[in-house]
Amino acid sequence: METECAKVGLRLNAKKTDVITNNILPDHPPLMTTGGTALKEVIDFKYLGSWVNSSEQDLKPSLQKSLDGCYIRMLRVVLKSNQNEHVTNKRLYGEALRVSKKVAVRRMRLAGHCQRHLELPASKLVLWEPTHGHRSRGRPTLTYVDVLRKDVGAETTEELAGCMEDRENWKHRWRTRLTMT
């Protein structure tokens, strides 16, 4: 990254640079600058006023429910819906998607875009899964690739990659999955 920054006249400040890794085992060696300084690895950081989390903490089911519940309460306030009236969530949302579904839609669109554009560095990372090391006991952590597979209903990473290559198939696949649930 430092060489790319230098090409346009910028410098990478190692003291201020935080790194979030994706699909890399926790015991990997630290990322280093060309000067030999280790970059600080974090699980979340504040960027433009919003917290950015690592993919393992993307949207857990409990967080999805609380996010959707908060949005419903705000909709009820905005629409001046009295608690004594029985207005269903379906009627409040209308044709709009739940907030958690919107997050999933944007995740799908970004992943498909990055996978199809081979000139982007992210195209090599979207479906990358570590093959080294060993699994620890208990339930394995949910990775970004696992979330994509679950959202689309793909069994394997190869099936997921095949779907992403065909833009129309990819759109159809995740749209039908997200509107079903």
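Against the condition surrounded by 11 or more Cβ atoms within 10 Å (Cβ to Cβ) and modelled with pLDDT of 75 or more, how does Leu25 come out, does it pass? No.
Of the candidates Arg149, Arg116, the single residue that is closer than 19 Å to Arg173 by Cβ, in contact (Cβ under 8 Å) with a residue 12 or more places away in the chain and basic (Lys, Arg) is Arg116. Looking at Tyr93, Tyr71, Tyr144, just one residue is out of contact with any strand residue (DSSP E or B) (no Cβ under 8 Å at 6 or more places or on another chain), of a type in the set (Phe, Trp, Tyr) and farther than 28 Å from Arg167 by Cβ, and that residue is Tyr71. The residue of the range 2-16 that is farthest from the chain's Cα centre (by Cα), among those that are part of a loop (DSSP other than H, G, I, E, B) and loosely packed, with under 14 Cβ neighbours inside 10 Å, is Gly9. Within the option set Ser100, Ser136, being surrounded by 16 or more Cβ atoms within 10 Å (Cβ to Cβ) and modelled with pLDDT under 85 holds for one residue only, Ser100.
Here Leu178 clears all of (1) over 27 Å from His28 (Cβ atoms); (2) at pLDDT 85 or above; (3) surrounded by 13 or more Cβ atoms within 10 Å (Cβ to Cβ) except the condition numbered (2).
The values are calculated or read from the model by the stated rules, or taken from the named source; none is laboratory data. Treat the numbers as computed from the prediction; the structure is a model and nothing was measured. Positions of Cβ are generated from backbone atoms using ideal geometry, with glycine treated the same way; all protein chains shown enter the neighbour counts.
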